[in-house]
Amino acid sequence: MNILTLIIKQSYFDEIIAGKKREEYREVKPTTASKYIYYVDEQGNQYKPSALPPEEVPLEERLIEYDAIQFYVGYNADRDSALVEVKDAVLDIYENETYEYKGEEYMLSVITYKLGKILEVKKK
């Protein structure tokens, strides 16, 4: 099982456990991209965002497929957690919305994870 680990606030955790929050959104940033995406060239070679080939190599961006998300509330060792099924994931790229990071310009990208069954809950 491929599991993505994410830190969330208590209020969002409670909504997920109650079945009210059915989607989780994450912005793909240069510092977090390797958790969410990878690239593939025409020959099928895969690349991590931190190890891209020269710019002239055409690449296709793909989402890393996760079976579940392990949610943790905050960073303390004694915290609530839940393992939740991922039913689907969609990457939205906003070409008209850009930002700068370390002198480079990036398009805003957001992943939407569609949440399924609650597989496990641990309360502190």
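Each residue of the stretch 73-81 is assigned a 3J(HN,Hα), and the resulting list reads 8, x, 10, 5, 5, 9, 8, 6, 8 Hz, derived from the Karplus form 6.51 cos²θ - 1.76 cosθ + 1.60 (θ = phi - 60°), x at Gly and Pro. Among (i) 30, 16, 13; (ii) 21, 18, 13; (iii) 38, 15, 10, which is the computed semi-axes √(5λ) of the Cα gyration tensor in Å? Looking at semi-axes √(5λ) of the Cα gyration tensor in Å for this model, the match is (i).
Projecting the Cα atoms of ALA89, LEU4, PRO54 onto the dipole axis of the stretch 1-91, where Lys and Arg carry +1 and Asp and Glu carry -1 at the beta carbon, places LEU4 farthest toward the positive end. Taking TYR72, TYR99, TYR47 as the candidate residues, the one with maximal mean-square fluctuation in a Gaussian network model of the chain, Cα springs under 10 Å, is TYR99. Calculated accessible area for the chain comes out at 67 Å² per residue, all protein chains present (probe 1.4 Å; ligands, DNA, RNA ignored).
Among ALA18, ALA89, ALA77, determine the one that fluctuates most according to a GNM of the chain built with springs between C-alpha atoms less than 10 Å apart. With Cα springs under 10 Å in the chain, the top fluctuation among ALA18, ALA89, ALA77 is at ALA77.
Trypsin sites (Lys or Arg not before Pro), restricted to the stretch 19-67: which are DSSP loop and have at most 10 other Cβ atoms within 10 Å? Loop-located and lightly packed - LYS20. Around the Cα centre of the chain, unit charges on the Cβ atoms of Lys, Arg, Asp and Glu (plus for the first two, minus for the last two) sum to a dipole of about 1000 debye. For VAL28, nonlocal amide neighbours, meaning residues 5 or more places apart or on other chains whose placed amide H falls under 5 Å from its own, are SER109, VAL110, ILE111.
Given springs between every Cα pair under 10 Å in a Gaussian network model of the chain, which of TYR66, TYR25, TYR101 has the largest fluctuation? So, out of TYR66, TYR25, TYR101, the one fluctuating most is TYR101. For the stretch 1-95, lysine pairs separated by 8 or more sequence positions, or belonging to different chains, with Cα-Cα distances below 18 Å total 7.
Ranking THR112, THR31 by solvent-accessible area of protein heavy atoms (1.4 Å probe, all protein chains present), from largest to smallest, gives THR31, THR112. Taken as Cα centroids, the stretch 5-34 and the stretch 76-96 sit 4 Å apart, rounded to the nearest whole angstrom.
Rolling a 1.4 angstrom probe over the chain with all protein chains present gives an accessible area of which 45% lies on carbon and sulfur atoms. Of all stretches in the chain that contain no GluC sites (Glu not before Pro) in a DSSP loop with at most 15 other Cβ atoms within 10 Å, the longest one is 66-124. Of all aspartates and glutamates in the structure, the ones whose alpha carbon falls short of 14 Å from that of LYS117, not counting any fewer than 8 places away in one chain, are GLU15, GLU23, GLU24, ASP67, GLU85, ASP88.
The values are calculated or read from the model by the stated rules, or taken from the named source; none is laboratory data. For clarity, every value in this text was computed on a predicted model and none was experimentally measured. Don't worry about glycine lacking a Cβ; one is built from the backbone with ideal geometry, like all the others, and counts go over all protein chains shown. Heavy atoms of the whole protein, side chains included, go into the accessibility calculation; ligands, DNA and RNA do not. Shrake-Rupley method; radii C 1.70, N 1.55, O 1.52, S 1.80 Å.
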